[in-house]
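All remarks here apply to the structure that follows.
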Amino acid sequence: MPPLSGATEWLNSPPLGPEDLRGRVVVVDFWTLTCINWLRTEPWIRAWSRAYREDGVVVIGVHTPEFGFEHGVDGVRQAVADRGIDYPVVVDNDYDVWSAFDNHFWPALYFVDAGGVIRDYHFGEGRYAESERTIQQLLGIKRDLVDVVGQGVEAEADWDSLRTPETYLGYARGSGIAADGAASGSYAFPTFLDFNQWALDGDWTIGREALRVDSGGGRIAIQFQARDAHLVLAPGPRSPIPFRVFLDGEPPGEAHGVDVDADGNGLLREGRLYQLVREPGTVRERILEITFAEPGAEAYAFTFG
């Protein structure tokens, strides 16, 4: 296991060095606060930390930011509080810990034995029972596995109906826009939006990482199929920014996500992932539209579940 000396800050703990971890089984969890895949794994990480802490397990979260605004430590602190994380968290803004592990993924788990040797790893969601069995093997114990059911944004995806992939919006990784690309300008919704395409209406700037609304009333729409629809948003220098969500041109009603009400009203206060839709009934193709009441909102990526 590489040292954690590249951390820019520690939360929930003083800095932990090799001498502090000697003789302990360590689970290292790489995450970033806007990642839906990490959010859906976090209930298991919390449960393992609490279930095996007295047996000698130390879970260490390593927050390595994907987007620029995620470098803000206050945002990481808020995510730690929102998720009920009580284990040590390394703030890895300079990617030193990420590079030391030669890691390339969010989320990523590394399982380290009491001698400091990485014995197993896993990237992405799933494989929870096998991962917990690995922890037990490293501890030399055997017991029933923890019972975990994710709630809210942490709920497992509805994989059987999910047909729309994660969709980045900045020009560096963005694809699927139903318009000619431009550095900035005015846009209008097309007369037809194809499946898994997205479009803009109003005044927008397309940046490397994100889109920015340049005037009030700017809209973004995407045709998708999934139980859940999320959008990574940040307010830029303006906060809060009201927004409103529509499904197929109507308020979402019972299909509203945790960050909007039944009329589709939401408020962009801080940079994070916002759940806009949770479909309680039959999942089908829908058109999701978001309107921002004021300029300054930044949209980074749609994710689905």
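So how many residues does the stretch 67-85 have that are closer than 23 Å to Tyr128 by Cα and surrounded by fewer than 15 Cβ atoms within 10 Å (Cβ to Cβ)? Explain how you work it out, then say what you get.
Step one: of the stretch 67-85, the residues closer than 23 Å to Tyr128 by Cα are 79-80, 82-85.
Those left that are additionally surrounded by fewer than 15 Cβ atoms within 10 Å (Cβ to Cβ): 82, 84.
Result for the stretch 67-85: 2.
Just one of the listed residues (Leu39, Leu109, Leu33) is open to solvent by less than 10 Å² (accessible area, probe 1.4 Å), in contact with an Asp or Glu (Cβ under 9 Å, 6 or more places away or on another chain), hydrophobic (A, V, I, L, M, F, W, C) and under 25 Å from Ala157 (Cα atoms), namely Leu39. Is the stretch 93-103 home to any residue that is hydroxyl-bearing (Ser, Thr, Tyr), in a loop (DSSP other than H, G, I, E, B) and either out of contact with any Leu (no Cβ under 6 Å at 6 or more places or on another chain) or open to solvent by less than 30 Å² (accessible area, probe 1.4 Å) (or both)? Scanning the stretch 93-103 turns up at least one residue that is hydroxyl-bearing (Ser, Thr, Tyr), in a loop (DSSP other than H, G, I, E, B) and either out of contact with any Leu (no Cβ under 6 Å at 6 or more places or on another chain) or open to solvent by less than 30 Å² (accessible area, probe 1.4 Å) (or both).
If you go through the stretch 28-58 and keep only what is over 29 Å from Tyr168 (Cβ atoms) and either in contact (Cβ under 8 Å) with a residue 40 or more places away in the chain or hydroxyl-bearing (Ser, Thr, Tyr) (or both), you end up with Ala47, Trp48, Ser49, Ala51, Tyr52, Asp55, Gly56, Val57, Val58.
Hey, can you tell me all the residues within the stretch 201-249 that are more than 23 Å from the chain's Cα centre (by Cα) and open to solvent by less than 10 Å² (accessible area, probe 1.4 Å)?
Trp204, Gly218, listed by residue number.
Close Cβ contacts (under 8 Å, 6 or more residues apart or on different chains) running from residues in the stretch 185-198 that are open to solvent by 40 Å² or more (accessible area, probe 1.4 Å) to residues that are part of a loop (DSSP other than H, G, I, E, B) and at pLDDT below 95 comprise Pro190/Ala178; Pro190/Ala179; Asp194/Ala178; Asn196/Gly176; Gln197/Gly176; Gln197/Ala178.
In this structure, does Arg133 turn out to be more than 25 Å from the chain's Cα centre (by Cα) and either closer than 26 Å to Arg278 by Cβ or touching a residue at least 12 places away in the same chain (Cβ under 8 Å) (or both)? Before you say what the answer is, go through the steps one by one.
On the way: more than 25 Å from the chain's Cα centre (by Cα): yes; either closer than 26 Å to Arg278 by Cβ or touching a residue at least 12 places away in the same chain (Cβ under 8 Å) (or both): yes.
Yes: the conditions hold for Arg133.
Residue check: Ile135 meets all listed conditions (1) at pLDDT below 95; (2) open to solvent by less than 50 Å² (accessible area, probe 1.4 Å); (3) not basic (Lys, Arg) but one, namely (1). The residues on offer are Val90, Val117, and the sole one that is within 25 Å of Glu209 (Cβ to Cβ) and either in contact (Cβ under 8 Å) with a residue 24 or more places away in the chain or open to solvent by 20 Å² or more (accessible area, probe 1.4 Å) (or both) is Val90. Within the stretch 250-295, the set of residues being touching a residue at least 40 places away in the same chain (Cβ under 8 Å), more than 21 Å from Trp204 (Cα to Cα), assigned to a loop (DSSP other than H, G, I, E, B) and open to solvent by 50 Å² or more (accessible area, probe 1.4 Å) comprises Val258, Arg284, Glu285.
The values are calculated or read from the model by the stated rules, or taken from the named source; none is laboratory data. These figures come from a predicted structure and were not determined experimentally. Using ideal geometry, Cβ is built from the backbone for each residue, glycine included, and neighbour counts are taken over all protein chains shown. These accessible areas exclude ligands, DNA and RNA; they are computed on the full protein's heavy atoms, side chains included. Shrake-Rupley method; radii C 1.70, N 1.55, O 1.52, S 1.80 Å.
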